[in-house]
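These notes concern the structure reproduced below.
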Amino acid sequence: MTKKAPKRQPLLIANNFHPETIALLDQEYDTHKLWLLESPQQQRDLIAKLADTCVAVATASWTTDPLIYELPKLKLISCFGVGVDGIDFGITKARGIEVSNTPTVLNDAVADLAMGLVLATSRNLINADAHARKGDWELAPFPFGRSLTGKTLGIIGLGAIGEEIALRALAFRMKIAYHNRSRKDLPFPYFDSIAKLAKASDILLCMLPGGSATEKIIDKNIFEALGPDGIFINVGRGSCVDENALIAALSSGQIAAAGLDVYAKEPHVPDALAQLPNAVLFPHIGSATVETRRAMGQLVVDNLGAFFDHEDLLTPI
């Protein structure tokens, strides 16, 4: 007698975060894609249909549909991404819902991109490319940039990714300083405020997470402290920056340049920011390499597998 294949567990996928990962989940689970439903009523009907059976959700970590919390038997949210701004931890903690994310595997890619922004802003690489393409080089030499050797890179939020950035910056013979909530056992100068770090830095780099505690924490006072030769880099969260203050600082020459991979209201980039020649703007591609996204997706799959096999999550929060 032929054995029946075991029934696949239902899995709600809240949003379209990474097609390759979602294809893997389709193979393993009875998947239901919330974002594909056209109307709020259809979405509510799906939640009602899954109410008695669905205990797990896969979602992007930076945003999710609050409807997921209406699943009464929800026990796990497996997040694709490291920053978990989109998760309501008030609800998850109260209901004992486990949450996992995909840290570590993206450290190298984000650190690489951060140094790319450091180089692009200090040497004005984007405008140099345009200068050569448009034939302006035949009319005039390109303006000088700034060397990295001997400059101080101030890192706000020296966590795992921040440490990887520091290692790369040291290879460029830069000096490192940092601000955290508390001092770490590292051989770099520590500053107990962002303003003090900004004043001591040639390039100020933000690796802060999002959330109410860090919202607009980098404001006009920080840019004033950084000064007219200073460069600001953000590969943390856009919500940490007062974008109006940043635009004003760049427009007035209060700071020299900025390199951004994140914004307050993604995917929207303020028009005033986009018009500034001293701003290098990337579309949040810090972890966007084939290898990194594949590794992140595998962690989503592995966390779900561990949960359903009654094993410890690989990356619990």
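The values are calculated or read from the model by the stated rules, or taken from the named source; none is laboratory data. Note that the structure is a prediction, hence the values are computed from the model and not measured. For neighbour counting, all protein chains shown are included, and Cβ atoms are generated from backbone atoms with ideal geometry for every residue, glycine included.
Within the range 243-274, being part of a loop (DSSP other than H, G, I, E, B) and either polar (S, T, N, Q) or touching a helix residue (DSSP H, G or I) at 6+ places or on another chain (Cβ under 9 Å) (or both) holds for Q254, I255, A256, D261, V262, Y263, A264, E266, P270. Restricting the search to helices (runs of 4 or more DSSP H) fully inside the range 25-143 and requiring at least 2 residues that are touching a helix residue (DSSP H, G or I) at 6+ places or on another chain (Cβ under 8 Å) and in the same structural domain as G236 (by TED's automatic domain parsing) gives 107-122, 125-133. Annotation: L36 fulfils all but one of (1) at negative phi; (2) surrounded by 17 or more Cβ atoms within 10 Å (Cβ to Cβ); the unmet one is (2). Scanning the range 48-59 for residues that are aliphatic (A, V, I, L, M) and either touching a Cys at 6+ places or on another chain (Cβ under 6 Å) or surrounded by fewer than 21 Cβ atoms within 10 Å (Cβ to Cβ) (or both) gives A48, A51, V55. Set side by side, the residues E311, E266 differ, and just one is under 24 Å from N101 (Cα atoms), out of contact with any strand residue (DSSP E or B) (no Cβ under 6 Å at 6 or more places or on another chain), without any contact (Cβ under 8 Å) to a residue 12 or more places away in the chain and not small (G, A, S), which is E311. It is to be established whether one or more residues within the range 275-293 are outside any loop (DSSP other than H, G, I, E, B) and farther than 24 Å from V118 by Cβ. No, there is no match, as no residue in the range 275-293 is outside any loop (DSSP other than H, G, I, E, B) and farther than 24 Å from V118 by Cβ.
Determine, yes or no, whether G211 is at positive phi and assigned to a loop (DSSP other than H, G, I, E, B).
In short, yes.
Remark: pairs (first residue in the range 131-154, under 14 Å from L119 (Cα atoms); second residue among the polar types (S, T, N, Q) and surrounded by 12 or more Cβ atoms within 10 Å (Cβ to Cβ); Cβ separation under 8 Å; 6+ apart in sequence or on different chains) = G145/S122; G145/N124; R146/S122; S147/S122; L148/S122; K151/S122; T152/S201; L153/S201. What about F223, is it part of a helix (DSSP H, G or I), in the same structural domain as A160 (by TED's automatic domain parsing) and closer than 20 Å to V118 by Cβ? So F223 passes the test. Among G145, G81, G90, G159, which is the only one that is within 22 Å of the chain's Cα centre (by Cα) and more than 30 Å from W35 (Cα to Cα)? Selected residue: G159, the only one of G145, G81, G90, G159 that is within 22 Å of the chain's Cα centre (by Cα) and more than 30 Å from W35 (Cα to Cα).
Residues that are over 16 Å from L117 (Cα atoms) and buried (at least 16 other Cβ atoms within 10 Å of the Cβ) within the range 231-249 comprise S239, C240, V241, D242, E243, A245, L246, I247, A249, listed in sequence order.
Sort out which residues of the range 152-187 are outside any strand (DSSP E or B), crowded, with 19+ Cβ neighbours inside 10 Å and in contact with a strand residue (DSSP E or B) (Cβ under 6 Å, 6 or more places away or on another chain), and write them in order of number. L158, G162, A166, A169, M174, listed by residue number. Only one entry in L167, L186, L125 is farther than 30 Å from C79 by Cβ and not small (G, A, S), namely L125. Within the range 148-180, the set of residues being in contact with a helix residue (DSSP H, G or I) (Cβ under 8 Å, 6 or more places away or on another chain) and of a type in the set (S, T, N, Q) comprises T152 only. Filtering the range 286-317 to residues that are surrounded by 14 or more Cβ atoms within 10 Å (Cβ to Cβ) and over 23 Å from K93 (Cα atoms) leaves G286, S287, A288, T289, T292, R293, R294, A295, M296, G297, Q298.
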